[in-house]
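*Asks:* My questions will all concern the structure given below.
Only the coordinates and a few stated rules stand behind these numbers; no lab work does. Quantities reported herein were computed from a predicted structural model and do not represent experimental measurements. Every residue, glycine as well, gets a Cβ built from its backbone with ideal geometry; the counts of neighbours run over all protein chains shown.
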Amino acid sequence: MAIPTEIVGSLPRPMKLQEAYQDLDDGKIDFSELQKLQDEAAEDSIRRLEETGQSPVTDGEQRESSFATYPLTDTLAGTGLADNLAAGDGQYFAIFDDGHHRQLPRLTGGPFKYKTYASEFVEKNKKIAKGDVKQAVIAPSMLMLLYPLDDEIEGYSREEFLSDLVDECEKDIRQCFDAGAVRVSIDFTEGRLANKNDSRNPWTGKDMLQEFIDLNNRVLDRFSPEERRNIGIHTCPGGDCDSVHSKDVPYEKLLNHMFDINAGYFLIQCSSEDDRESVYKLCGENRREDANGVPQVCFMGVINPLSPEVETPEQIKNELVTAAKYIPVERLGATDDCGFSPFSRDVKPSHGSPDFARDVAMQKISARLEGARMATEELGV
């Protein structure tokens, strides 16, 4: 059986689309005009991914404000915000090494309900794609940061919120499968960040990793082992404007615990690590052959989306062969370190433009596919 490969989710949005998001915020266009450009970029993403041979495909999250906020708002600035949320003064969920930050809305009351479900994207993508599609969704552990860290919202307790949140996350995943997705991966970028203890970002100092893991399992435990074979967890140290938020955190602080999440597979940033072999070893030691009824597969990151330098298939093959020293080859896959552009406004400064970055992304994905093929041949699987 060939070593499987999978894209995380996002691709750089064309500059024309990024400008349209701003135009919507500025009242220059209406939402239907933005949707037209989203649909065009989504179809282009799917077609170009299919040309590389990537399967399953995604729309590159062209229709999403971001990987984290698509259920909540139409734009990062808060245009089209869901009920019971306010923009502008919510919790920072990440402060990046280049100094910029990304922020969640603030929860003002209950009940908590998604405005947009990812299945809406799956339904549209199924009409375009020739083959299988996947969908990335946001983790409940990210959205739990909507609730005040220390205070209670009058008339809406933390546990009431978490109960609503778990229901909504389960619904989001189930509806994706019902709409035709063959795989659903859960973005868990806050996992490594939970160990950073950044004084500028209060939640990172509250030792929340185990709380995050437990909450994610509250959702996953509602699915059967057979269903969880196709539900993944993605982890990375962030990726936005070609910068990261938690790569300085020792990886073992996350990897020694992350596999306690009862997911069937993991998409694991590794290509941009200085000591990749130690990451393979940690994954091999900590992955479980029986995670509440499902064997865990490690899709190792062999592509760095933050760099415009295109990896060679030979480099990728060598990394996968090394990874197979620590991870059973039947439990090994290849992926990209992160989504190529998880936020709808990202001009990809290291690349020079998001349009050029789209071209580079396709070259990198093609290299990943060929490198996995070469590794499959060398390992005799």
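*Asks:* In straight Cα distance, which lysines are under 24 Å from K113, not counting same-chain residues fewer than 8 positions off?
*Replies:* Answer for K113, where 24 Å is the Cα cut-off: K124, K134, K171, listed by chain and number.
*Asks:* Same structure, new question: Could you rank the peptides 259-267, 158-166, 187-195, 290-298 by their average count of other C-beta atoms within 10 Å per residue, with the highest value first?
*Replies:* Numbers: 259-267: 24.1, 158-166: 16.4, 187-195: 26.1, 290-298: 18.0.
Result, highest mean Cβ count within 10 Å first: 187-195, 259-267, 290-298, 158-166.
*Asks:* In whole Hz, with x marking every Gly and Pro, tabulate ³J(HN,Hα) for the stretch 341-354 from phi via Karplus 6.51 cos²θ - 1.76 cosθ + 1.60, θ = phi - 60°.
*Replies:* Each residue's phi maps through the Karplus curve to give 6, x, 10, 6, 10, 7, 7, 6, x, 5, 8, x, 6, x Hz.
*Asks:* Something else now. Assign unit charges at the C-beta atoms only (+1 for Lys and Arg, -1 for Asp and Glu), then state the dipole size of the chain relative to its Cα centre in Debye, rounded to the nearest 20.
*Replies:* Numbers: 43 positive and 70 negative charges, 136 e Å.
The dipole of the chain has a size of about 660 debye.
*Asks:* Given a Förster distance of 45 angstrom, what is the FRET efficiency for F31 paired with E285, based on the Cβ-Cβ distance and rounded to 0.05? Mind dumping the intermediate values first?
*Replies:* Numbers: r = 48 Å, r/R0 = 1.08.
With a Förster radius of 45 Å, E is 0.40.
*Asks:* Between D23 and D132, what's the calculated FRET efficiency when r is the beta-carbon distance and R0 is 35 Å? Round to 0.05. Don't skip to the answer; put the middle values down first.
*Replies:* Numbers: r = 34 Å, r/R0 = 0.97.
Between D23 and D132 the formula returns 0.55.
*Asks:* Sticking with the crude label model, points 7 Å out along Cα→Cβ, report the distance from K113 to W203 in nm, one decimal please.
*Replies:* Rounded to a tenth, the inter-label distance reads 2.3 nm.
*Asks:* Nearest 5 is fine: what % of DSSP beta bridges in the stretch 5-379 come out antiparallel, could you say?
*Replies:* Numbers: 8 of 33 bridges.
Percentage antiparallel, nearest 5: 25.
*Asks:* Tally the DSSP beta bridges in the stretch 203-336 and give the antiparallel ones as a percent, rounded to 5. If you can, show how the numbers build up before the last one.
*Replies:* Working: 1 of 14 bridges.
Of the beta bridges lying entirely in the stretch 203-336, close to 5 percent run antiparallel.
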